[in-house]
Amino acid sequence: MKTYEEINRKIEKGTAVVLTADEIIDYVDKKGLDKAAEEVDVVTTATFGPMCSSGCFLNFGHSKPKIRITEAWIDDVLCYSGIAAVDVYLGATQLRHNDPANMYYPGEFISGGGHVIEKLVKGEKCQLFALSYGTDDYPRKEIRTWFDINDLNQAIMVNPRNCYQNYNVAINCSDKTVYTYLGILKPNMENLTYSSAGQLSPLLNDPLYETIGIGSSVWLAGSRGHVHAEGTQHCPTAERTANDVPVEGAGTLGLTADMKKMKGEYVRGVSLKGYGVSLSLGVGIPIPVLNREILKRTTVRNREIEACVIDYSHDYQNKTGNVIAKVNYEDLMKNNVTISGKKVEVSSMSSYSKALEIAEILKDEIKRGDFPLAVPGQRLPVSQGMKGLEIRREK
Amino acid sequence: MTITKKVLLLFPKSETEKPIVYHLVKDYDLIVNIFRAKVTPEEYGYLVLDLTGSEENIRNGLDFVKSFHVEINEADRGIRWDEKKCIQCGNCLSHCPTEALYISDPETRKIDYNEDKCVQCLSCIENCPYGACSSIF
């Protein structure tokens, strides 16, 4: 048994023993669970992939004379400005003004909110265009200017839903190509796409949210941030296997961090043909080894994590609940999937390579004493379900 | 010895109506496999193709092509994979029919591109969410 305080003291002294969720598997195999639980202080987990429910609050500072922005576009991407005078929220999936979307199907979606966020993080210049109706105290009605992230007072990423615990594997059972947020799915089950870092993924290493809670420190694209809330659609009551690992989406995290401290290589705009735009983010989360049970859960292997194969030509959109098959991440990563006697080619939306890189970076930061752990102030819900939206004809 | 060489031919405006490929087959005994071509009168054109035959015949065939002021590019053959833009997700893997895009290291799942295997189907360009694959024309 260890406490957060004991672990943080070791981190501060530079003596903490830190391993990635990849390394811990063999380590525990070799040393045994009890010995490893004594020795290891922190296991680092990570993931990198599209996280659509992401965006940032920006504060521009006041021009002379002042404007109370009512509509705003950055590089022609609409921002939400129904908040204070020069604050806006730029969302990852917002299309660029005049993007033809799917008018010429399948659309290309070359640029949008996610791409502008990437530009901002990289320190590139963007154009602000904003309008107002004008008031006595904020008389300006229009503004057009160039700025970069250093000109802003604040640029704070606030993401309502990141780090899905597990995710659907998408396949297409129809005879036409379908264009989805998991990429292009060829007809007749020619290919499938998964989206998880498997045994490296944060919430798959802490399936019952024993250490990752509200207030936990996270490495968000290179910036030290934290979990600010349960993620939207957080649904812990999903189906789980004997090791408590969910076989479907399940838990999610609301994350926030200072965008000015982020690194461009971990904040990438995404263009999904026929679907839209998004933002890929790199997230690393440390798991403190408070006891042997917590450590045991971090030794989960790809072959012990299953995901549901869902037909994205019919079952997904119609919520039929039909599951074509269940597959594990070892087989997915080895391109070794056969469904109904047919070999299916595998693609991934999540970058295992980047996740591995992030788990290593976070490991080094903790070892150097640069990344202390925060004690979560509140546990994520463990018993709630997820509602659908009913279409009512009357109030 | 029979070898196969992949080349990119860039045609100047004036040469596009000459039956160059016909002569490569007929006069130089070469097997021609065309991956991608745009040969339009009054415009610059291109042809990406495999030439299979004896080393000597390929050399002589390419000398013949050069005599029409056709530019031969053996280094850049039309499709580019930008390692810096690639995030190594592997979404391209099921779309690349020849494993030109492939996992070079199963441990780290890093992606690499083998231009020799590319048949220029352009599927990767359509699919890559990060614009890592592109065509020079």
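Nothing in this text is a laboratory measurement; each read-out follows from the coordinates by a stated rule. Just so we're clear, the structure is a prediction, and the values are computed from it rather than from any experiment. Every residue, glycine as well, gets a Cβ built from its backbone with ideal geometry; the counts of neighbours run over all protein chains shown.
Miscellaneous remarks
- Rounded to whole Hz, the Karplus (6.51, -1.76, 1.60) HN-Hα couplings of segment B:119-129, x for glycine and proline: 9, 6, 6, 6, 4, 5, 5, 5, 8, 4, x
- For segment A:56-159, the alpha-carbon radius of gyration amounts to 1.10 times the rule-of-thumb value 2.2 N^0.38 Å expected for a compact globular protein.
- Chain B: angle of helix B:55-66 to the longest principal axis, Cα-based, in degrees nearest 10: 80
- Chain lengthening between A:Thr177 and A:Asn150 when straightened (0.36 nm per residue, less Cα-Cα): 5.4 nm
- Centroid-to-centroid, using Cα positions, segment B:2-69 and segment A:43-116 are 49 Å apart.
- Cross-link reach is defined here as a Cα-Cα straight distance under 30 Å, omitting same-chain residues fewer than 8 places apart; for A:Lys64 the lysines meeting it are A:Lys119, A:Lys122, A:Lys125, A:Lys141, A:Lys260, A:Lys261.
- Cα-Cα P(r), chain B, percent of pairs per 5 Å interval: 2, 10, 18, 19, 16, 13, 11, 8, 3, 1, 0
- Proximal lysines to B:Lys66, defined as alpha-carbon separation beneath 22 angstrom and excluding residues fewer than eight positions away on the same chain: B:Lys5, B:Lys6, B:Lys13, B:Lys18, B:Lys26, B:Lys38
- On the basis of the beta-carbon distance and an R0 of 41 Å, B:Asp112 and A:Thr232 show a calculated FRET efficiency of 0.65.
- Between the amide H of A:Ser223 and those of A:Lys263, distances stay under 5 Å, these residues lying 5 or more places away or on another chain, with hydrogens modeled in the peptide plane.
- Value of D in µm² per second that Stokes-Einstein yields for segment A:303-342, Kirkwood Rh from Cα pairs, at 25 °C (0.890 mPa s): 223
- Kirkwood Rh in Å, taken over all unlike Cα pairs in the protein assembly as shown: 25.7
- Here the Karplus relation 6.51 cos²θ - 1.76 cosθ + 1.60, evaluated at θ = phi - 60°, turns the backbone of segment A:42-48 into coupling constants of 9, 10, 9, 10, 6, 7, 9 Hz, with x for every Gly and Pro.
- Between segment A:188-253 and segment A:278-298, the Cα center-to-center distance that results, in Å: 9
- Cross-link partners for A:Lys13 among the lysines, with Cα-Cα distance under 23 Å and sequence neighbours closer than 8 places in the same chain left out: A:Lys2, A:Lys35, A:Lys363, A:Lys367.
- Förster radius 35 Å - calculated FRET efficiency between B:Val32 and B:Ser135, Cβ distance, rounded to 0.05: 0.95
- Residues B:Leu24, A:Leu33, sorted so that the one with the fewest Cβ neighbours within 10 Å comes first: A:Leu33, B:Leu24
- Of A:Gly341, A:Gly49, A:Gly123, the one that fluctuates the most in a GNM where chain A has Cα springs shorter than 10 Å: A:Gly341
- Max-minus-min Cα coordinates of segment A:262-317 on each principal axis give 47, 36, 16 Å, with the largest extent listed first.
- Of A:Trp146, B:Trp81, A:Trp219, the sequence from fewest to most neighbouring Cβ atoms within 10 angstrom is A:Trp146, B:Trp81, A:Trp219.
- Near A:Glu108: Cβ cut-off under 15 Å, other residues only, Lys/Arg at +1 and Asp/Glu at -1. The net charge is 0.
- Principal axes of segment A:90-212: Cα extent on each, largest first, Å: 60, 47, 26
- Backbone geometry of segment B:83-92 corresponds, through the Karplus equation with coefficients 6.51, -1.76 and 1.60 at θ = phi - 60°, to 3J(HN,Hα) couplings of 4, 5, 7, 5, 9, 6, 7, x, 5, 6 Hz, x marking Gly and Pro.
- Cα convex hull of segment A:1-113, projected area averaged across orientations, nm²: 13.4
- Debye intensity ratio in log₁₀ form over the Cα atoms of segment A:159-289, taken at each q of 0.15, 0.17, 0.21 Å⁻¹: -0.80, -0.97, -1.26
- Counting neighbouring Cβ atoms within 10 Å and putting the fewest first, the residues B:Ser67, A:Ser216 line up as B:Ser67, A:Ser216.
- In segment A:299-395, GluC sites (Glu not before Pro) in a DSSP loop with at most 14 other beta-carbon atoms within 10 Å: A:Glu390, A:Glu394
- Entries of B:Lys84/B:Lys110; A:Lys354/B:Lys110; A:Lys354/B:Lys117 with Cα pairs more than 20 Å apart: A:Lys354/B:Lys117
- Scaled against the 2.2 N^0.38 Å expected of a compact globular protein of N residues, the Cα radius of gyration of segment B:58-137 reads 1.31.
- Around the amide H of A:Thr180, modelled in the peptide plane, lie the amide H atoms of A:Leu185, all under 5 Å away and 5 or more residues distant in sequence or on another chain.
- The share of alpha-carbon pairs in segment A:5-55 lying farther apart than 16 Å comes to 52%.
- Residue list for segment A:220-242, given a label point 7 angstrom along the Cα-to-Cβ vector of A:Asp370 and an amide N cut-off under 11 Å: A:222-224
- Charge tally in the Cβ shell below 13 Å around A:Val375, where Lys, Arg are +1 and Asp, Glu are -1, A:Val375 excluded: -1
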